[in-house]
Amino acid sequence: MIAPVTCPIRSSSLPPAIALVKKFPSEASPTSAIRPDYLSPSSAKSYLSCSLRFFFEKVAQIRKPTTVALHVGKAIHATLQSFNIARWRGEDSSETAMEEAFSAHFLELEKAEGPVDYADEETRQKVRSCAWNTVKAYMASNEVVSQMPLGVEVGLSAIIPGLPVPVRGVIDLVQHDLTAVDYKSAAAKPDAGHAAFDHELQLVTYQMMIEEATGDTPPSLDLIYLVKTKTPQVIRVKTPPANEQRKQRITDLYRIAYEGITTERFHPQPGMQCSWCQYMKECSGWYRQ
Ligand code: SF4
């Protein structure tokens, strides 16, 4: 997470999008106001994926309507958290209790983070029903291990050599054997190799955090995909723990992200991610002064 930074251009008489791009710093600035207290795997990945989109979202904090996929993903995630906490505490984790929890999360997130860009109420109801069926499929699956987890929503940090700030993250679930688990919701079945590669930064960070906290290496770094197909699927993608070379690679990525953020290096990085980027309008006005 990045500490909020006030964008000085908002007070300009220019339209906000144009005003923003006119003030983009293009050179390293020793007086940069952007000094995050820590980095998270998601903030580093966001910066590395497209630094300009990172700027719009985290620095200028330009709000956009919540996408349907994001809203559903958060509602599913919050319900799984309620489910795991209830199991951990020995409380009611029945389907009825979790359906109530899901309904509450779905509505709360709409209020707190909306508006959500549903086409109409019928679409919203269909999406809601599909999301709940996906949660039910997980609760009925073999992926719910019988042993109690060591922790749910475990907030940890790690010191990365050469990085002036710590890296912090929240692990969805730490199993009894120290396996780190992160939940993902997806519209289609993932390719296992691609999924592990895509989430390497997050997974190896979790390993480093667990090692720092316990002195032990987790036996596996897992992603559990909840696939929102007509018949929902639950797929676990396992990744072996990282060796020193893989950890060094992640360390270097954090250093690059931190240096880029604090020297205010923000520029377009066109690619596949532009198809779902909500800042295309702002981006198209960018140029280097
Ligand atoms: S449209 Fe593409 S290049 Fe521009 S900010 Fe978005 S992701 Fe980056």
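Under a GNM of the chain (C-alpha, springs under 10 Å), which listed residue has the highest mean-square fluctuation: S43, S129, S220?
S129
Let me know the shape class of the chain, please: from the alpha-carbon gyration tensor, a ≥ b ≥ c as square roots of the eigenvalues, rounded when a/c is under 1.5, otherwise prolate if a/b is greater than b/c, or oblate.
Numbers: a/c = 2.10, a/b = 1.30, b/c = 1.62.
Because a/c hits 1.5 or more and a/b fails to exceed b/c, the chain counts as oblate.
Please compute the contact order of the chain in relative form: average sequence separation of alpha-carbon pairs under 8 Å and at least six residues apart, divided by the residue count, as a percent.
27 percent
In the chain, what % of DSSP beta bridges are antiparallel (nearest 5)?
Restricted to the chain, the bridges split so that about 65 percent are antiparallel.
Put E122, E113 in order of accessible area, largest first, 1.4 Å probe: what do you get?
E122, E113
Among L221, N243, S40, flag the residue with its Cα farthest along the positive direction of the charge dipole of the chain, charges on Cβ as +1 for Lys/Arg and -1 for Asp/Glu.
Highest projection toward the positive end goes to S40.
Pull up the cross-link candidates among the lysines for K281, meaning alpha carbon to alpha carbon under 23 Å and not fewer than 8 places away within one chain.
K22, K23, K45, K58, K64
Give me the accessible area per residue for the chain, probe 1.4 Å, as a whole number in Å². Write down the numbers at each step before the final one.
Details: 14670 Å² over 289 residues.
Counting only protein heavy atoms, the per-residue value for the chain is 51 Å².
Among D120, D216, D92, which one shows the biggest mean-square fluctuation in a GNM of the chain, springs joining Cα atoms closer than 10 Å?
The residue with the greatest mean-square fluctuation here is D120.
Before anything else, pin down the relative contact order of the range 151-250: Cα pairs under 8 Å, at least 6 apart, normalised by residue count, whole percent. Could the numbers behind the result be given before it?
Details: 171 pairs, mean separation 25.5, N = 100.
Computed over the range 151-250, the figure is 25 percent.
Once you put a point 7 Å from the Cα of D216 and another 7 Å from the Cα of K126, both along the Cβ direction, what distance in nm separates them?
4.8 nm
Take a quick pass over the range 151-250 and tell me how many lysine pairs come in under 18 angstrom between Cα atoms, counting only ones 8 or more apart or on separate chains.
Lysine pair count for the range 151-250: 7.
Measuring from label point to label point, each 7 Å out along Cα→Cβ, what is the R63 to R288 span in nm?
3.5 nm
How far apart, in nm, are two points set 7 Å out from the Cα along the Cα-to-Cβ line at F197 and at E244?
Between F197 and E244, the simple spin-label model gives 2.6 nm.
Label the range 151-250 by shape, choosing from rounded, prolate and oblate, from the square roots a ≥ b ≥ c of the eigenvalues of the Cα gyration tensor; if a/c is under 1.5 it is rounded, and otherwise prolate applies when a/b is larger than b/c, oblate when it is not. Working shown, then result.
Values: a/c = 2.09, a/b = 1.74, b/c = 1.20.
Because a/c hits 1.5 or more and a/b exceeds b/c, the range 151-250 counts as prolate.
Count the DSSP beta bridges whose two residues both fall in the range 151-250, then state the antiparallel fraction as a percent rounded to the nearest 5. Mind showing how you got there, number by number?
Details: 16 of 23 bridges.
That works out to approximately 70 percent antiparallel.
Counting helices only, and only those DSSP H runs with n ≥ 4, report the 222 nm mean residue ellipticity of the chain as the sum of -39,500 (n - 2.57) divided by its residues, in deg cm²/dmol to the nearest 500. Don't jump to the answer; show the numbers that get you there.
On the way: 10 runs with 126 residues, N = 289.
That comes out to -13500 deg cm²/dmol.
Placing unit charges on C-beta atoms (Lys and Arg positive, Asp and Glu negative, everything else neutral), compute the dipole magnitude of the range 151-250 about its Cα centre in debye, rounded to 20.
Roughly 420 debye, rounded to the nearest 20.
Answer rounded, prolate or oblate for the range 45-168, using the Cα gyration tensor with square roots of eigenvalues a ≥ b ≥ c: rounded when a/c is under 1.5, else prolate when a/b is larger than b/c, else oblate.
Cα axes put the range 45-168 in the oblate bin.
For V170 and A97 in the same chain, what is the full-extension length gain: residue separation times 0.36 nm, less their Cα-Cα distance, in nm?
Extending this stretch completely gives an extra 23.8 nm.
The values are calculated or read from the model by the stated rules, or taken from the named source; none is laboratory data. Quick caveat: nothing in here was measured; it's all calculated off a predicted structure. Note that each Cβ is placed from the backbone with ideal geometry, even for glycine, and that neighbours are counted across all protein chains shown. All accessible areas refer to the heavy atoms of the entire protein, side chains included, with ligands and DNA or RNA removed. Shrake-Rupley method; radii C 1.70, N 1.55, O 1.52, S 1.80 Å.
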